[in-house]
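Worksheet: one structure, shown below.
The values are calculated or read from the model by the stated rules, or taken from the named source; none is laboratory data. Since this is a predicted model, take the numbers as computed values, not measurements. Positions of Cβ are backbone-derived with ideal geometry, glycine not excepted, and every protein chain shown enters the neighbour counts.
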Amino acid sequence: MSKISIIVPMYMEQDVVNSCYDRLTTVLSSLKSYTYELIFIDDGSTDETLSMLEEIANKDFKVKIISFSRNFGHQAAVTAGLKEANGDAIVIIDADLQDPPELIPDMLILWKQGYDIVYGKRKRRKGESAFKLFTAKVFYNTLNALSDVDIPKDTGDFKLVDRRVVDVVNAMPEHNKYLRGLFSWVGYKQKSIEYDRQERVAGKTKYTLSKMCKLASNGIIGFSSKPLKIVGGLGVFSILVSVIVLIYSLVSYFIGGPHLSAGWTSIMVIITFFSGIQLLSLWVIAEYIGKIYDESKARPQYIIDKKINIDDNKT
């Protein structure tokens, strides 16, 4: 009998803890050919999320809890869940229930057909602002334009992954993991399953603009060197512009044609333009160097405060 591990990262989700547990157990209990475990990762919540999870875990030993010492971020929480999961198939799903647990049986059917990764693809995203929809579209278009790996559009972390794929990802020593990209990068047989993304059951999203920008940065820098090539292209462009201006000035001087204006406006435009290119280039390079520096420190991606219903001598 195959075992399923469900990974649910949570941060300040006291409003959805019980409904999330109820929906997941209802779906999983109906799967008679599978056993399951629920792994909740409390990402340093300061509300009642952890205490509510502990109350559930005391009654249901299929519920396992990992509690971080502080907030380390969504990707770190998912990574911790992947390392603790014992299942033959692992499902990643957010606690807000925007991604329907009822889709898990359909994912398992595709998994049984031989697909190693089954990821949810959103047809519609209900309850999300025009700004969120626009930025998501821009992000995926930009990421795919820059990345050397084809990362599916309109997807998130909601997916089913085979055990062997998880083992490969767990073996990667990267600190700033962008898991959506890694699951595409590893290859294997993949299949999408479409669904309508619902509004949150309760509470508000904890994914702020700054967190989304950090995720986008990890995705682009972690899976592409093209920004560095663009920097080089800007340098070549700057040199060409300066050469053209020099040639024009020399030709104008020797044939007695009109000289370039030495006015304040033209000087300031040229200075600010090329200064902007230089600063932009330095920023892109600094992002890559910053990631290298972060990796070189070899700090853990997260720190676990405590575990509940988890045997560290797992098999």
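Quick look at the values:
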{"read-out": "Residue within the stretch 68-81 that is at negative phi, among the aromatic types (F, W, Y), surrounded by 19 or more Cβ atoms within 10 Å (Cβ to Cβ) and under 18 Å from the mean Cα position of the chain (by Cα) present", "value": "yes"}
{"read-out": "Unique residue being in contact with a strand residue (DSSP E or B) (Cβ under 7 Å, 6 or more places away or on another chain), in contact (Cβ under 8 Å) with a residue 60 or more places away in the chain and either surrounded by fewer than 22 Cβ atoms within 10 Å (Cβ to Cβ) or on the phi < 0 side of the Ramachandran plot (or both) when the list is D88, D96", "value": "D88"}
{"read-out": "Single residue of the stretch 169-184 satisfying the filter (crowded, with 18+ Cβ neighbours inside 10 Å and not in a loop (DSSP other than H, G, I, E, B)) that is modelled with the highest pLDDT", "value": "V169"}
{"read-out": "The stretch 80-94 - residue that is outside any loop (DSSP other than H, G, I, E, B) and touching a Phe, Trp or Tyr at 6+ places or on another chain (Cβ under 7 Å) and, of those, nearest to Y34 (Cα to Cα)", "value": "A89"}
{"read-out": "Residue that is nearest to F72 (Cα to Cα) [pool: residues in the stretch 290-308 that are part of a loop (DSSP other than H, G, I, E, B) and modelled with pLDDT under 85]", "value": "Y302"}
{"read-out": "Whichever residue in the stretch 185-199 is among the basic types (K, R) and outside any loop (DSSP other than H, G, I, E, B) and, among such residues, is surrounded by the fewest Cβ atoms within 10 Å (Cβ to Cβ)", "value": "K191"}
